[in-house]
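Novice: Let me give you the structure first, and then I'll get to my questions.
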Amino acid sequence: MLMVQEEKFQSAIEFLSQKIESFPNNSVLRGLRANALFVQHIGSDDESFLRSAVGDCDKAMELDPNNLDALLTRAKIHLALKEIDKTKQDVEALESQRPDIPDLSLLRMDIAIQEKRYADAITDMERLVQANPENRALLLQLGSFYQIDKRPKKALRIADRLVNSDPADWQALRLRGDIQLALGNHPKAIEDYDSAIDNIPKEDTDYSGILN
């Protein structure tokens, strides 16, 4: 787990593979390797690693049907593979056993986004924000959802709050710029984009997007 946190994914996978050879019936080891494979290849076009991770999750739950960590990991992998029906099945199984798992709200929200049910995604995100009112990442995501769902006034209130509390937050500045652009306030949009450009690392993948 420490290796994964330090992004030493390959070392973690090799270590776990050695342990699995010694303890082939250990459900926890299988689940940990599945998570390491998944985290390493998030956003990758190579599905083979994700399929291997699903196999580990399946085996982990075969060895221990109560391994909910493996079930949660499998749900995330199915979502990454855009296998929405399988994701829903895993989420329903988790809800029946541990409805209090925080990641369930995120999974339901991601499913809603995939299905373009933005109002449902917003409902889940609003619950998360209510429970974590100072979490900037959640607030930024909620503001983005409001923008996608054509609720610019609500989105703008959140963006203003984020920028006022941290004027160097380029993500919040970009969000506010996008909202101002959608509202037709071009000078204000350009001002926010200029500020975002001043604060975003040049190597960030979003840099060119803000320039555009």
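Novice: Kindly check whether there is at least one residue in the range 178-187 that is closer than 26 Å to A121 by Cβ, of a type in the set (S, T, N, Q) and assigned to a helix (DSSP H, G or I).
Specialist: yes
Novice: Can you tell which of D198, D206, D192 is within 20 Å of L138 (Cβ to Cβ), among the acidic types (D, E) and out of contact with any Phe, Trp or Tyr (no Cβ under 6 Å at 6 or more places or on another chain)?
Specialist: Going through D198, D206, D192 in turn, the sole match is D206.
Novice: Related question: State yes or no: is K82 among the basic types (K, R) and within 18 Å of the chain's Cα centre (by Cα)?
Specialist: yes
Novice: Further, regarding this structure: Among the residues of the range 50-74, count how many are among the polar types (S, T, N, Q), open to solvent by 60 Å² or more (accessible area, probe 1.4 Å) and more than 21 Å from the chain's Cα centre (by Cα).
Specialist: Residues in the range 50-74 being among the polar types (S, T, N, Q), open to solvent by 60 Å² or more (accessible area, probe 1.4 Å) and more than 21 Å from the chain's Cα centre (by Cα): 1 in total.
Novice: Then there's this: Regarding A172, is this residue surrounded by 13 or more Cβ atoms within 10 Å (Cβ to Cβ), out of contact with any Cys (no Cβ under 9 Å at 6 or more places or on another chain), assigned to a helix (DSSP H, G or I) and hydrophobic (A, V, I, L, M, F, W, C)?
Specialist: So A172 passes the test.
Novice: Just for the range 134-169: of the residues that are part of a loop (DSSP other than H, G, I, E, B) and within 22 Å of I197 (Cβ to Cβ), which one is nearest to the chain's Cα centre (by Cα)?
Specialist: My answer is D169.
Novice: Cβ contacts < 8 Å: first residue of a type in the set (D, E, K, R), restricted to the range 24-40; second residue open to solvent by 40 Å² or more (accessible area, probe 1.4 Å) and assigned to a loop (DSSP other than H, G, I, E, B), any location; separation 6+ or different chain. Result?
Specialist: No pair meets every condition.
Novice: If I190 passes every condition in (1) part of a helix (DSSP H, G or I); (2) closer than 22 Å to L104 by Cα; (3) open to solvent by 80 Å² or more (accessible area, probe 1.4 Å) but one, which one does it miss?
Specialist: The one condition I190 does not meet is (2).
Novice: Identify the single condition in (1) open to solvent by 70 Å² or more (accessible area, probe 1.4 Å); (2) over 22 Å from L79 (Cα atoms); (3) in a helix (DSSP H, G or I) that R127 does not satisfy, given that it satisfies every other one.
Specialist: (2)
Novice: If you don't mind, there's one more thing I want to ask. Take the range 75-120 and flag every residue that is open to solvent by 90 Å² or more (accessible area, probe 1.4 Å) and of a type outside the set (S, T, N, Q).
Specialist: Once the filter is applied, which keeps residues that are open to solvent by 90 Å² or more (accessible area, probe 1.4 Å) and of a type outside the set (S, T, N, Q), the range 75-120 yields K82, D85, K86, E92, R98, P99, D100, P102, K116.
Novice: Looking at L211 and the list (1) within 24 Å of A119 (Cα to Cα); (2) open to solvent by 90 Å² or more (accessible area, probe 1.4 Å), which single condition is not satisfied?
Specialist: (1)
Novice: Do you know which residues across the range 1-49 are surrounded by 16 or more Cβ atoms within 10 Å (Cβ to Cβ), farther than 14 Å from K76 by Cβ and of a type in the set (G, A, S)?
Specialist: Passing the criteria: A12, S27.
The values are calculated or read from the model by the stated rules, or taken from the named source; none is laboratory data. Being a predicted model, the structure only gives us computed values, none of them experimental. Cβ coordinates were reconstructed from backbone atoms using ideal geometry, including for glycine residues, and neighbour counts include every protein chain displayed. To get the accessible areas, we keep the full protein, side chains included, count just its heavy atoms, and leave off ligands, DNA and RNA. Shrake-Rupley method; radii C 1.70, N 1.55, O 1.52, S 1.80 Å.
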